[in-house]
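Visitor: Structure incoming, see below.
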Amino acid sequence: MGTQGPQSDPPDLGDLTGQVPDSVWQYTALAFALVVGFAALSQSLTLGVGVLAILVALVTLASAVEIVDAYDKEALTVFGEYRTLLEPGVHLIPPFVSRTYAFDMRTQTLDVPRQEAITRDNSPVTADAVVYIKVMDAKKAFLEVDDYK
């Protein structure tokens, strides 16, 4: 066995789930509910229909509830059309056809890479900077700017 460079740690489950869109989780839960319902349906018709109806209702209710954090605002789109801006709190949204885009309303920092320059009198200068940004209007940041960062 040869020597290898530093090995990175395996990714956390939280890192992996943060990259999966909410719609994937919603449709996965709906598919699971349908599979369980049809399995119960094969045993008994009334039991299967009841279990299927309860599971589909639970998945629909879970996908219709959106919780917005205190430092966020979220833009709600239904079928890709902008509808409204969700303030912090609990909101009911149309299930399966809507998507939200979160905007962090806190002050954020962006590091500007170090740059070297030569002044008029030929002396080298190194400049390093940090940019502070804060979203003041989330609706404008969503509708009028491609990537505000």
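Visitor: Identify the chymotrypsin sites (Phe, Trp or Tyr not before Pro) of the range 36-103 meeting these criteria: DSSP loop state and at most 16 other C-beta atoms within 10 Å of the C-beta.
Guide: Taking the range 36-103 and a limit of 16 other Cβ atoms within 10 Å, the loop chymotrypsin sites (Phe, Trp or Tyr not before Pro) found are Y71, F79, F96.
Visitor: Search the structure for amide H atoms under 5 Å from the amide H of T84, placed 1.01 Å from N in the peptide plane, and list their residues when 5 or more places away or on another chain.
Guide: Those lying under 5 Å, H to H, from T84 are L76.
Visitor: Per residue, how much accessible surface does the range 21-63 expose to a 1.4 Å probe? Answer in Å², no decimals.
Guide: 66
Visitor: How big is the accessible area of D147 in square angstrom, nearest 10, if you roll a 1.4 angstrom probe over the protein chains?
Guide: 110
Visitor: Quote to one decimal, in nm, the extra length available between V125 and S42 on full extension: 0.36 nm per residue of separation minus the C-alpha distance between them.
Guide: Gain in length upon complete extension: 22.2 nm.
Visitor: What's the percent breakdown of Cα-Cα distances in the range 21-63 across 5 Å bins, shortest bin first?
Guide: Computed distribution, short to long bins: 5, 29, 27, 19, 12, 6, 2, 0.
The values are calculated or read from the model by the stated rules, or taken from the named source; none is laboratory data. Source: prediction; values computed, not measured. Cβ coordinates were reconstructed from backbone atoms using ideal geometry, including for glycine residues, and neighbour counts include every protein chain displayed. When the accessible area is computed, the model is the full protein with side chains, heavy atoms only, and any ligands, DNA or RNA have been set aside. Shrake-Rupley method; radii C 1.70, N 1.55, O 1.52, S 1.80 Å.
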